[in-house]
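**Q** The structure's right below; bear with me while I get my questions together.
The values are calculated or read from the model by the stated rules, or taken from the named source; none is laboratory data. What you see is a predicted model; the values in this text were computed from it and never measured. In this analysis, Cβ positions are derived from the backbone assuming ideal geometry, glycine residues included, and neighbour counts consider all displayed protein chains. Keep in mind that these areas ignore ligands, DNA and RNA; they rest on the heavy atoms of the full protein, side chains included. Shrake-Rupley method; radii C 1.70, N 1.55, O 1.52, S 1.80 Å.
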Amino acid sequence: MQRKTIWTALLIALVIGSASFVMADQEKGTAPRAIVQETIKDFGAVNRGDRVTHDFRIDNAGAGALEITDVRPSCGCTVADYDKTIAPGQSGVIKATMDTSNLKGGVAKAVRVYTNDPLNPEINLVIKANVRSQVEIDPGYARFVAVYGEPQKTIVERVWSSEHPDLEILKVESPFEFVKTSFRETPKEEREKGVKGRQWQIAVDLDKDAPVGPMADFIVVSTNHPQLKTVRIPLSGFVRPVLSVTPRVADFGRREVTESQTASLEIRNLGSTAVELGEISTNVKGLDAKIEQVENGRLFKVLLTLEPGAPKGDFEGLVTITTTSSKQPTLEVSVKGVVL
(Lines give C-alpha, C1' and ligand atoms only; values in the text may rest on other atoms or scores of the structure.)
Protein backbone atom coordinates (compact mmCIF):
# COMPACT_ATOMS: atom_id res chain seq x y z
CA MET A 1 0.00 0.00 0.00
CA GLN A 2 2.89 2.34 0.91
CA ARG A 3 4.69 1.56 -2.39
CA LYS A 4 1.51 2.37 -4.37
CA THR A 5 1.21 5.70 -2.54
CA ILE A 6 4.82 6.56 -3.39
CA TRP A 7 4.32 5.78 -7.09
CA THR A 8 1.13 7.89 -7.15
CA ALA A 9 2.97 10.81 -5.59
CA LEU A 10 5.80 10.50 -8.13
CA LEU A 11 3.32 10.45 -11.01
CA ILE A 12 1.55 13.58 -9.74
CA ALA A 13 4.90 15.32 -9.31
CA LEU A 14 5.90 14.39 -12.88
CA VAL A 15 2.66 15.81 -14.31
CA ILE A 16 2.99 19.00 -12.28
CA GLY A 17 6.63 19.30 -13.27
CA SER A 18 5.83 18.93 -16.98
CA ALA A 19 3.12 21.58 -16.73
CA SER A 20 5.55 23.84 -14.91
CA PHE A 21 8.12 23.55 -17.71
CA VAL A 22 5.45 24.47 -20.29
CA MET A 23 4.31 27.47 -18.23
CA ALA A 24 7.93 28.48 -17.71
CA ASP A 25 8.53 28.47 -21.45
CA GLN A 26 5.46 30.63 -21.94
CA GLU A 27 6.54 33.04 -19.20
CA LYS A 28 10.06 33.32 -20.66
CA GLY A 29 8.53 34.05 -24.05
CA THR A 30 10.32 31.20 -25.84
CA ALA A 31 7.30 29.12 -26.92
CA PRO A 32 4.98 29.67 -29.90
CA ARG A 33 1.27 30.22 -29.39
CA ALA A 34 -1.26 29.11 -32.02
CA ILE A 35 -4.50 31.06 -32.19
CA VAL A 36 -7.33 30.34 -34.65
CA GLN A 37 -10.27 32.71 -34.41
CA GLU A 38 -12.49 30.75 -36.83
CA THR A 39 -12.45 26.96 -36.55
CA ILE A 40 -15.72 26.25 -38.42
CA LYS A 41 -16.64 27.39 -41.93
CA ASP A 42 -20.22 26.76 -43.02
CA PHE A 43 -20.76 27.23 -46.76
CA GLY A 44 -24.52 26.76 -46.48
CA ALA A 45 -26.24 25.39 -49.58
CA VAL A 46 -23.90 24.29 -52.39
CA ASN A 47 -24.49 22.30 -55.56
CA ARG A 48 -23.29 18.74 -55.70
CA GLY A 49 -20.04 18.57 -57.66
CA ASP A 50 -18.78 21.95 -56.43
CA ARG A 51 -15.34 22.23 -54.86
CA VAL A 52 -15.48 24.63 -51.91
CA THR A 53 -12.30 26.14 -50.46
CA HIS A 54 -11.62 28.14 -47.32
CA ASP A 55 -8.44 29.67 -45.88
CA PHE A 56 -8.33 29.19 -42.11
CA ARG A 57 -6.08 31.86 -40.61
CA ILE A 58 -3.72 30.79 -37.84
CA ASP A 59 -1.82 33.43 -35.82
CA ASN A 60 1.38 32.96 -33.86
CA ALA A 61 1.01 35.09 -30.71
CA GLY A 62 4.09 33.59 -29.06
CA ALA A 63 7.81 34.42 -29.22
CA GLY A 64 8.99 31.17 -30.81
CA ALA A 65 8.48 29.93 -34.36
CA LEU A 66 5.20 28.06 -34.77
CA GLU A 67 5.61 24.77 -36.62
CA ILE A 68 2.64 23.02 -38.21
CA THR A 69 3.92 19.47 -38.07
CA ASP A 70 1.01 17.70 -39.78
CA VAL A 71 -2.47 18.24 -41.20
CA ARG A 72 -4.87 15.31 -41.52
CA PRO A 73 -8.23 15.63 -43.32
CA SER A 74 -10.95 13.27 -42.10
CA CYS A 75 -11.68 11.83 -45.55
CA GLY A 76 -10.44 11.70 -49.13
CA CYS A 77 -13.02 14.27 -50.23
CA THR A 78 -11.13 16.94 -48.26
CA VAL A 79 -7.57 18.08 -48.98
CA ALA A 80 -5.46 20.65 -47.20
CA ASP A 81 -2.45 22.84 -47.98
CA TYR A 82 -0.75 24.90 -45.29
CA ASP A 83 2.13 27.13 -44.19
CA LYS A 84 4.55 24.90 -42.30
CA THR A 85 6.36 27.61 -40.33
CA ILE A 86 4.88 30.84 -38.95
CA ALA A 87 7.21 33.44 -37.42
CA PRO A 88 6.33 35.18 -34.13
CA GLY A 89 3.71 37.87 -34.64
CA GLN A 90 2.89 36.58 -38.13
CA SER A 91 -0.07 34.71 -39.60
CA GLY A 92 -0.32 31.62 -41.76
CA VAL A 93 -3.02 29.82 -43.67
CA ILE A 94 -4.49 26.33 -43.69
CA LYS A 95 -6.22 26.00 -47.07
CA ALA A 96 -8.94 23.33 -46.94
CA THR A 97 -10.83 22.17 -50.02
CA MET A 98 -13.84 19.85 -50.03
CA ASP A 99 -15.02 18.05 -53.18
CA THR A 100 -18.78 17.49 -53.00
CA SER A 101 -19.04 15.17 -56.02
CA ASN A 102 -19.90 12.13 -53.88
CA LEU A 103 -21.62 13.95 -51.00
CA LYS A 104 -25.26 14.65 -50.35
CA GLY A 105 -27.26 16.56 -47.75
CA GLY A 106 -25.77 18.08 -44.62
CA VAL A 107 -22.06 17.25 -44.30
CA ALA A 108 -19.26 18.24 -41.93
CA LYS A 109 -15.66 17.32 -42.69
CA ALA A 110 -12.85 17.82 -40.20
CA VAL A 111 -9.22 18.81 -40.72
CA ARG A 112 -6.95 17.99 -37.78
CA VAL A 113 -3.94 20.30 -37.38
CA TYR A 114 -0.88 19.39 -35.27
CA THR A 115 1.49 22.10 -33.99
CA ASN A 116 4.51 22.55 -31.72
CA ASP A 117 2.53 24.85 -29.40
CA PRO A 118 2.77 23.03 -26.03
CA LEU A 119 -0.57 24.52 -24.92
CA ASN A 120 -2.40 23.92 -28.21
CA PRO A 121 -0.78 20.93 -29.92
CA GLU A 122 -3.94 19.86 -31.79
CA ILE A 123 -6.51 22.08 -33.53
CA ASN A 124 -9.69 20.82 -35.16
CA LEU A 125 -11.03 22.74 -38.16
CA VAL A 126 -14.39 21.91 -39.77
CA ILE A 127 -15.93 22.58 -43.18
CA LYS A 128 -19.72 22.31 -43.30
CA ALA A 129 -22.17 22.47 -46.18
CA ASN A 130 -25.63 21.44 -47.26
CA VAL A 131 -25.00 19.64 -50.55
CA ARG A 132 -28.00 19.80 -52.84
CA SER A 133 -28.42 17.98 -56.12
CA GLN A 134 -29.48 19.98 -59.14
CA VAL A 135 -30.57 16.64 -60.53
CA GLU A 136 -31.93 14.19 -57.95
CA ILE A 137 -31.23 10.46 -58.37
CA ASP A 138 -32.69 7.81 -56.10
CA PRO A 139 -31.05 5.62 -54.84
CA GLY A 140 -28.11 7.35 -56.56
CA TYR A 141 -25.88 4.26 -56.93
CA ALA A 142 -25.99 0.82 -58.55
CA ARG A 143 -24.34 -2.08 -56.71
CA PHE A 144 -24.43 -5.75 -57.71
CA VAL A 145 -23.29 -8.74 -55.66
CA ALA A 146 -23.79 -11.55 -58.14
CA VAL A 147 -22.93 -15.17 -58.89
CA TYR A 148 -21.67 -16.02 -62.37
CA GLY A 149 -24.46 -17.37 -64.58
CA GLU A 150 -27.23 -16.44 -62.16
CA PRO A 151 -29.88 -13.85 -63.20
CA GLN A 152 -29.92 -10.56 -61.30
CA LYS A 153 -32.68 -8.14 -60.40
CA THR A 154 -32.89 -4.90 -62.36
CA ILE A 155 -31.77 -1.82 -60.45
CA VAL A 156 -34.04 1.17 -61.11
CA GLU A 157 -32.83 4.75 -60.65
CA ARG A 158 -35.48 7.50 -60.36
CA VAL A 159 -34.39 10.88 -61.76
CA TRP A 160 -35.92 14.37 -61.51
CA SER A 161 -35.00 18.03 -60.93
CA SER A 162 -36.98 20.30 -58.64
CA GLU A 163 -35.32 23.44 -59.99
CA HIS A 164 -35.58 22.38 -63.65
CA PRO A 165 -39.02 20.69 -63.96
CA ASP A 166 -38.65 20.22 -67.71
CA LEU A 167 -35.70 17.87 -67.19
CA GLU A 168 -35.01 15.44 -70.02
CA ILE A 169 -32.58 12.54 -70.13
CA LEU A 170 -30.81 12.54 -73.48
CA LYS A 171 -28.48 9.56 -73.15
CA VAL A 172 -27.27 6.98 -70.64
CA GLU A 173 -23.85 5.33 -71.10
CA SER A 174 -22.59 2.22 -69.31
CA PRO A 175 -18.84 1.72 -68.73
CA PHE A 176 -19.07 -2.06 -69.25
CA GLU A 177 -20.46 -4.18 -72.09
CA PHE A 178 -21.96 -6.59 -69.56
CA VAL A 179 -23.94 -3.83 -67.81
CA LYS A 180 -26.93 -2.72 -69.89
CA THR A 181 -28.83 0.51 -69.32
CA SER A 182 -32.10 1.91 -70.66
CA PHE A 183 -34.27 4.89 -69.74
CA ARG A 184 -37.82 6.14 -70.11
CA GLU A 185 -40.02 8.89 -68.78
CA THR A 186 -41.98 7.72 -65.76
CA PRO A 187 -45.66 7.14 -66.58
CA LYS A 188 -48.27 8.92 -64.49
CA GLU A 189 -49.24 5.86 -62.45
CA GLU A 190 -45.61 5.28 -61.36
CA ARG A 191 -44.65 8.84 -60.49
CA GLU A 192 -43.30 9.75 -57.07
CA LYS A 193 -45.87 11.79 -55.15
CA GLY A 194 -44.93 15.32 -54.16
CA VAL A 195 -42.32 15.69 -56.92
CA LYS A 196 -43.09 18.36 -59.49
CA GLY A 197 -42.01 18.27 -63.11
CA ARG A 198 -40.95 15.42 -65.34
CA GLN A 199 -39.68 12.22 -63.81
CA TRP A 200 -37.48 9.56 -65.41
CA GLN A 201 -36.40 6.00 -64.76
CA ILE A 202 -33.04 4.41 -65.61
CA ALA A 203 -32.92 0.59 -65.62
CA VAL A 204 -29.55 -1.03 -64.93
CA ASP A 205 -29.12 -4.75 -65.75
CA LEU A 206 -26.16 -7.03 -65.18
CA ASP A 207 -25.67 -9.82 -67.74
CA LYS A 208 -25.74 -13.25 -66.12
CA ASP A 209 -22.51 -14.06 -68.00
CA ALA A 210 -20.66 -11.01 -66.63
CA PRO A 211 -17.02 -11.94 -65.89
CA VAL A 212 -15.99 -13.02 -62.40
CA GLY A 213 -14.33 -10.23 -60.43
CA PRO A 214 -14.88 -6.72 -59.09
CA MET A 215 -16.42 -3.78 -60.95
CA ALA A 216 -16.10 -0.09 -60.14
CA ASP A 217 -16.90 2.82 -62.45
CA PHE A 218 -19.67 5.30 -63.26
CA ILE A 219 -22.80 5.32 -65.40
CA VAL A 220 -22.86 8.65 -67.24
CA VAL A 221 -26.23 10.34 -67.73
CA SER A 222 -26.60 13.22 -70.24
CA THR A 223 -29.40 15.71 -69.55
CA ASN A 224 -30.81 18.99 -70.85
CA HIS A 225 -30.21 20.69 -67.48
CA PRO A 226 -28.66 24.11 -68.24
CA GLN A 227 -26.03 23.84 -65.48
CA LEU A 228 -25.61 20.07 -65.17
CA LYS A 229 -25.22 18.49 -68.58
CA THR A 230 -23.91 15.19 -67.23
CA VAL A 231 -24.52 13.25 -64.02
CA ARG A 232 -22.51 10.23 -62.86
CA ILE A 233 -24.06 7.30 -61.01
CA PRO A 234 -21.52 5.15 -59.09
CA LEU A 235 -21.53 1.53 -60.34
CA SER A 236 -19.87 -1.12 -58.21
CA GLY A 237 -20.07 -4.73 -57.12
CA PHE A 238 -18.54 -8.16 -57.47
CA VAL A 239 -19.34 -11.21 -59.56
CA ARG A 240 -18.45 -14.36 -57.62
CA PRO A 241 -17.70 -17.75 -59.16
CA VAL A 242 -20.27 -20.54 -58.85
CA LEU A 243 -17.76 -22.54 -56.81
CA SER A 244 -15.90 -20.44 -54.25
CA VAL A 245 -12.63 -21.82 -52.85
CA THR A 246 -11.22 -20.77 -49.45
CA PRO A 247 -8.33 -20.15 -49.23
CA ARG A 248 -7.70 -19.39 -52.89
CA VAL A 249 -4.16 -20.77 -52.67
CA ALA A 250 -3.07 -23.83 -50.66
CA ASP A 251 0.24 -22.65 -49.20
CA PHE A 252 2.16 -25.23 -47.15
CA GLY A 253 4.87 -22.72 -46.30
CA ARG A 254 8.34 -24.07 -45.41
CA ARG A 255 8.19 -27.54 -43.88
CA GLU A 256 10.29 -30.59 -43.14
CA VAL A 257 8.30 -33.57 -44.39
CA THR A 258 9.49 -36.35 -42.09
CA GLU A 259 5.82 -37.17 -41.53
CA SER A 260 2.62 -36.37 -43.41
CA GLN A 261 1.77 -32.65 -43.63
CA THR A 262 -1.83 -31.66 -44.28
CA ALA A 263 -3.80 -28.64 -45.47
CA SER A 264 -7.46 -28.23 -46.32
CA LEU A 265 -9.65 -26.21 -48.65
CA GLU A 266 -13.34 -25.37 -48.45
CA ILE A 267 -15.40 -25.35 -51.64
CA ARG A 268 -18.82 -23.71 -51.40
CA ASN A 269 -21.48 -23.81 -54.11
CA LEU A 270 -22.94 -20.30 -54.44
CA GLY A 271 -25.23 -21.15 -57.33
CA SER A 272 -28.90 -22.03 -57.21
CA THR A 273 -28.40 -25.63 -58.45
CA ALA A 274 -26.73 -28.46 -56.51
CA VAL A 275 -23.28 -29.48 -57.77
CA GLU A 276 -21.25 -32.64 -57.38
CA LEU A 277 -17.44 -32.83 -57.44
CA GLY A 278 -15.89 -35.59 -59.54
CA GLU A 279 -12.26 -36.58 -60.11
CA ILE A 280 -9.44 -34.79 -58.32
CA SER A 281 -5.81 -34.75 -59.47
CA THR A 282 -2.61 -32.82 -58.90
CA ASN A 283 0.66 -32.27 -60.75
CA VAL A 284 2.64 -31.83 -57.51
CA LYS A 285 4.85 -34.85 -56.73
CA GLY A 286 4.29 -36.32 -53.27
CA LEU A 287 0.92 -34.60 -52.82
CA ASP A 288 -2.26 -36.58 -52.23
CA ALA A 289 -5.71 -34.98 -52.62
CA LYS A 290 -9.13 -36.21 -51.48
CA ILE A 291 -12.67 -34.77 -51.43
CA GLU A 292 -15.11 -34.92 -48.53
CA GLN A 293 -18.73 -33.85 -48.91
CA VAL A 294 -19.88 -31.76 -45.94
CA GLU A 295 -23.31 -30.66 -47.18
CA ASN A 296 -24.95 -32.44 -50.09
CA GLY A 297 -24.38 -30.48 -53.31
CA ARG A 298 -23.46 -27.29 -51.43
CA LEU A 299 -20.32 -27.60 -49.33
CA PHE A 300 -17.14 -29.69 -49.71
CA LYS A 301 -13.75 -30.06 -48.07
CA VAL A 302 -10.57 -30.93 -49.97
CA LEU A 303 -7.83 -32.62 -47.90
CA LEU A 304 -4.29 -32.16 -49.21
CA THR A 305 -1.52 -34.34 -47.76
CA LEU A 306 2.17 -33.84 -48.46
CA GLU A 307 3.70 -37.29 -47.96
CA PRO A 308 7.18 -38.11 -46.57
CA GLY A 309 9.64 -38.47 -49.41
CA ALA A 310 8.31 -35.48 -51.33
CA PRO A 311 11.13 -33.90 -53.38
CA LYS A 312 13.03 -31.18 -51.50
CA GLY A 313 12.94 -27.60 -52.66
CA ASP A 314 10.29 -25.18 -53.88
CA PHE A 315 7.16 -26.60 -55.42
CA GLU A 316 4.22 -24.96 -57.17
CA GLY A 317 1.40 -26.61 -59.04
CA LEU A 318 -2.32 -27.19 -59.38
CA VAL A 319 -5.06 -29.30 -57.89
CA THR A 320 -7.66 -29.94 -60.61
CA ILE A 321 -11.24 -30.97 -59.81
CA THR A 322 -14.00 -31.86 -62.26
CA THR A 323 -17.56 -30.80 -61.40
CA THR A 324 -21.09 -31.33 -62.67
CA SER A 325 -21.59 -27.55 -63.01
CA SER A 326 -22.13 -26.49 -66.62
CA LYS A 327 -20.98 -22.99 -65.63
CA GLN A 328 -17.75 -24.17 -63.99
CA PRO A 329 -17.00 -27.74 -65.13
CA THR A 330 -13.37 -27.59 -64.01
CA LEU A 331 -11.96 -26.08 -60.85
CA GLU A 332 -8.24 -25.35 -60.45
CA VAL A 333 -6.56 -24.42 -57.15
CA SER A 334 -2.94 -23.30 -56.84
CA VAL A 335 -0.65 -25.18 -54.44
CA LYS A 336 2.80 -24.07 -53.33
CA GLY A 337 5.39 -24.49 -50.60
CA VAL A 338 8.98 -25.44 -49.76
CA VAL A 339 10.12 -28.88 -48.64
CA LEU A 340 13.19 -28.52 -46.40
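**Q** Under the condition of being modelled with pLDDT under 95 and under 20 Å from residue 139 (Cβ atoms), which residue from the range 226-239 is most open to solvent (accessible area, probe 1.4 Å)?
**A** 232
**Q** Among 212, 231, 204, 220, which is more than 30 Å from residue 45 (Cα to Cα), in contact (Cβ under 8 Å) with a residue 40 or more places away in the chain and within 22 Å of the chain's Cα centre (by Cα)?
**A** On inspection, the qualifying residue turns out to be 212.
**Q** What strands (runs of 3 or more DSSP E), lying completely within the range 265-340, carry at least 2 residues that are farther than 22 Å from residue 252 by Cβ and without any contact (Cβ under 8 Å) to a residue 60 or more places away in the chain?
**A** Strands (runs of 3 or more DSSP E) meeting the threshold: 277-282, 287-295.
**Q** Of everything in the range 240-268, what is open to solvent by less than 50 Å² (accessible area, probe 1.4 Å) and under 26 Å from residue 176 (Cβ atoms)? Give them in sequence order.
**A** Pass one, the range 240-268, residues open to solvent by less than 50 Å² (accessible area, probe 1.4 Å): 241-245, 250, 252-253, 257, 261, 263, 265, 267.
Residues satisfying the conditions are 241, 242, 243, 244, 245.
Yes or no, residue by residue, for (1) at pLDDT 95 or above; (2) open to solvent by 30 Å² or more (accessible area, probe 1.4 Å); (3) under 29 Å from the mean Cα position of the chain (by Cα); (4) of a type in the set (D, E, K, R):
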{"residue": "6", "(1), (2), (3), (4)": "no, yes, no, no"}
{"residue": "14", "(1), (2), (3), (4)": "no, yes, no, no"}
{"residue": "30", "(1), (2), (3), (4)": "no, yes, no, no"}
{"residue": "40", "(1), (2), (3), (4)": "yes, yes, yes, no"}
{"residue": "45", "(1), (2), (3), (4)": "no, yes, yes, no"}
{"residue": "63", "(1), (2), (3), (4)": "no, yes, no, no"}
{"residue": "67", "(1), (2), (3), (4)": "yes, yes, no, yes"}
{"residue": "74", "(1), (2), (3), (4)": "no, yes, yes, no"}
{"residue": "80", "(1), (2), (3), (4)": "no, yes, yes, no"}
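**Q** I would also like to ask the following. Kindly indicate whether residue 92 is exposed (fewer than 14 other Cβ atoms within 10 Å of the Cβ) and within 26 Å of residue 129 (Cβ to Cβ). So that I can check it myself, show each step before the final result.
**A** Details: exposed (fewer than 14 other Cβ atoms within 10 Å of the Cβ): no; within 26 Å of residue 129 (Cβ to Cβ): yes.
Against the criterion (exposed (fewer than 14 other Cβ atoms within 10 Å of the Cβ) and within 26 Å of residue 129 (Cβ to Cβ)), residue 92 does not qualify.
**Q** Given the conditions (1) within 30 Å of residue 101 (Cβ to Cβ); (2) surrounded by 14 or more Cβ atoms within 10 Å (Cβ to Cβ), which single one is not true for residue 213?
**A** (2)
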